[in-house]
1. Please report the orientation-averaged projected area of the range 147-224, defined via the convex hull of its C-alpha atoms, in nm².
2. Of all accessible surface on the range 43-158 at a 1.4 Å probe, what whole percent is carbon and sulfur?
3. Please work out how much accessible surface T161 shows to a 1.4 Å probe, ignoring ligands, DNA and RNA, in Å² rounded to 10.
4. In the neighborhood of K84, defined by Cβ-to-Cβ distances under 10 Å, what is the net charge if each Lys or Arg adds +1 and each Asp or Glu adds -1?
5. Calculate the FRET efficiency for K120 and A42 from the Cβ-Cβ distance with a Förster distance of 35 Å, rounded to the nearest 0.05.
6. What percentages make up the Cα-Cα pair-distance distribution of the range 59-165 when the bins are 5 Å wide from 0?
7. Could you please tell me the mean projected area of the C-alpha convex hull for the range 92-224, averaged over all directions and given in square nanometres to one decimal?
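The values are calculated or read from the model by the stated rules, or taken from the named source; none is laboratory data. All figures in this text were calculated on a predicted structure; none of them were measured in a lab. No Cβ is skipped: glycine too gets one built from the backbone with ideal geometry, and neighbour counts run over all protein chains shown. Please note that ligands, DNA and RNA were not included when accessible areas were found on the heavy atoms of the full protein model with its side chains. Shrake-Rupley method; radii C 1.70, N 1.55, O 1.52, S 1.80 Å.
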Amino acid sequence: MSRPDKRWYVRGMAGGVAALLLAGCGSGNSGGDSAAKALGKAEVASVLPDAKAVPGWRTQLKPEARERNPELPPPPCVTTSEKKHRTACDPVTFWGASAYVRESDAASLNFWTLAYKDEKTAGAAYDALADYYGGDRVGVGARPVPIGEPGQERVSHRAETGTMGGPASITQIRVGTTVLGVSTGTEGTSALSDDQVEALAAMFAERARQAQDGDRPSAALPGR
């Protein structure tokens, strides 16, 4: 079984989903029916939330995208078998990540994007990755988090004891030709609420939808 790089498991958001403001959103929804386009390197980078999209968090890793290196699979592309690795990781065209930390309690927030040539390939990859990231992978006593219906497919779990010792959550979403991941966690005891996890998922999925619609992603959480 492949093992994750612990840096992709975070250490976590102000404002519930009811207060979510998706700045600059179009009228479409993140689970739209039109065929989604494959994203290039710059577009993958634009999907990743920047500091403006997550007010109240300090940047640890600015949004950055890379072309897949056949000799070095994307760190967040982790599966439970070699067969699933070939399904999810070998077809990646571009991938990227960004990461943030909250000063008040050292909570951590990570985003990653895996891009594919078409929706069919992304869908198969989503299934292979969800088999790893779903369930109790997030930590002891994991339970599902209700996050609405962002994207075409989604799964989210939280645990009171994650890899950093405190509460953690992992969310995975497929939006068209991309598979998105969000992880939160802390060494302390302050957990992000279910509404906050849902708000993160909605914002990230909307950014991916905007990019695949040919728009520059602008979705963001509300400022303080």
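1. Orientation-averaged projected area of the Cα hull: 5.6 nm².
2. Numbers: 2590 of 5160 Å².
Looking at the range 43-158 in its full context, I get 50 percent from C and S.
3. So the heavy atoms of T161 present about 70 Å² to solvent.
4. Details: positive: K83, R86; negative: E82, D127, D131.
Net charge in that neighbourhood comes out at -1.
5. Numbers: r = 24 Å, r/R0 = 0.68.
Efficiency, rounded to the nearest 0.05: 0.90.
6. Histogram of Cα-Cα distances, whole percents per bin: 2, 11, 17, 21, 22, 17, 7, 2, 0.
7. Values: hull surface 31.4 nm².
Over every viewing direction, the Cα hull of the range 92-224 projects on average to 7.8 nm².
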